[in-house]
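Take a look at the structure below.
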């Protein structure tokens, strides 16, 4: 560990006394996952965004400047006239002027996406205002063959027993874009393949369903992650919750603006609902029910600025915490939500999930495919088996978890 890393970790730990001993994830350790994201993924993404839309000279120059800054320079603050300047000045006061690799990884990732949006004019007053730079990638996935196959796979699932269907849809939502582990039903075969079950490093799904018994009048919150295939599977699960009485209302929380390439916004929810309603068979029927649920208020889409902030859920504003406290269960989807929930630190993996989420205002569930180093709540035997396997199980997306704190 470098001196800079030790100092930064100590600064963060001083603000969170309960996490002493677990270093903050930074990007300055050679060979680390975080380093790879900052050094390789972000530069590549700038080039992809530049090529995906017919931006003009101003956007090209701003993107080139951002690329140079993240590879060769130090973190620069937003200009005084830029959107949310005051907020980011507060959030980044300890990090401006330092290398991108020396800032906390969670903060650096979030700020990178804010800067990327600024470079393409998303928050400006010109013709590119409000234009999602990631829309070409989202649309390509939504209209792709894989989504079509998954929607067709809903037809045989419609006739499966309710419990089997519930399990299959929960796993489909968990795995998101893992079609081979999603909707899979055939004669004499379980709705959830053996591979999907064996790849779970933690499975509290029984507790999840206990919190949502059929016939309840509860409200469930679902905090979405990705658009496209994953959001479609989330919507299908939501339909099941409403149709089978596991919830009277579902509130789907999405991002207020483009974030982390594929994260879902309200526009993406609309696109996914249209994709469902246009499909034949069971997928179309699900889409119609969800469309009517939106009109009736049993499905509501909301957003909050916090969802694009570089903060932990432990720091969520009072209004959002109050909203979550009024639900029977808050389901947090995806890797980023998990990092924000438990804290983006290199925890001992056996630290209890309930301990790290004790602050959360109500019952909470994490549905996450593992794509970063952070993890808690593992049984020692499971951890030993994973480590002996020698694979990059924490970051490769080959494993997943369902963790619940009632």
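The values are calculated or read from the model by the stated rules, or taken from the named source; none is laboratory data. Since the model is a prediction, treat every value here as computed from it, not as a measurement. Here the Cβ is made from the backbone with ideal geometry for all residues, glycine too, and neighbour counts use every protein chain on show.
Here are some notes:
- For the stretch 261-277, filtered to residues that are assigned to a helix (DSSP H, G or I) and in contact with a strand residue (DSSP E or B) (Cβ under 8 Å, 6 or more places away or on another chain), the residue that is surrounded by the fewest Cβ atoms within 10 Å (Cβ to Cβ) is 266.
Matching residues to (1) surrounded by fewer than 14 Cβ atoms within 10 Å (Cβ to Cβ); (2) under 26 Å from residue 167 (Cα atoms):
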residue: 323; (1), (2): no, no
residue: 357; (1), (2): no, yes
residue: 363; (1), (2): no, yes
residue: 381; (1), (2): yes, yes
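- Between 368, 339, the distinction of being assigned to a strand (DSSP E or B), in the same structural domain as residue 261 (by TED's automatic domain parsing) and either surrounded by 19 or more Cβ atoms within 10 Å (Cβ to Cβ) or under 15 Å from the mean Cα position of the chain (by Cα) (or both) belongs to 368 only.
- Filtering the stretch 278-289 for residues that are in the same structural domain as residue 152 (by TED's automatic domain parsing), in contact with a strand residue (DSSP E or B) (Cβ under 8 Å, 6 or more places away or on another chain) and more than 24 Å from residue 205 (Cβ to Cβ) leaves an empty set.
- Some residue of the stretch 110-128 being surrounded by fewer than 16 Cβ atoms within 10 Å (Cβ to Cβ), touching a helix residue (DSSP H, G or I) at 6+ places or on another chain (Cβ under 9 Å) and either touching a residue at least 12 places away in the same chain (Cβ under 8 Å) or not assigned by TED's automatic domain parsing to the domain that holds residue 273 (or both): yes
- Residue within the stretch 378-387 that is assigned to a loop (DSSP other than H, G, I, E, B) and either modelled with pLDDT under 95 or in contact with a strand residue (DSSP E or B) (Cβ under 9 Å, 6 or more places away or on another chain) (or both) present: yes
- On inspection, residue 235 qualifies as buried (at least 21 other Cβ atoms within 10 Å of the Cβ) and part of a helix (DSSP H, G or I).
- Considering only residues in the stretch 133-173 that are more than 16 Å from residue 272 (Cβ to Cβ) and touching a strand residue (DSSP E or B) at 6+ places or on another chain (Cβ under 9 Å), the one that is surrounded by the fewest Cβ atoms within 10 Å (Cβ to Cβ) turns out to be 156.
- Among the residues of the stretch 20-63, the one identified as touching a strand residue (DSSP E or B) at 6+ places or on another chain (Cβ under 9 Å), in a helix (DSSP H, G or I) and surrounded by fewer than 20 Cβ atoms within 10 Å (Cβ to Cβ) is 35.
- Of all positions in the stretch 134-142, none carries a residue that is on the phi > 0 side of the Ramachandran plot and in contact (Cβ under 8 Å) with a residue 40 or more places away in the chain.
- Test result for residue 87, surrounded by fewer than 21 Cβ atoms within 10 Å (Cβ to Cβ), assigned by TED's automatic domain parsing to the domain that holds residue 47 and not in a loop (DSSP other than H, G, I, E, B): yes
- Any hit, the stretch 336-344, residues being over 18 Å from residue 224 (Cα atoms) and at pLDDT 95 or above: yes
- Taken over the stretch 313-336, the criterion of being in a loop (DSSP other than H, G, I, E, B) and without any contact (Cβ under 8 Å) to a residue 60 or more places away in the chain is satisfied by 316, 317.
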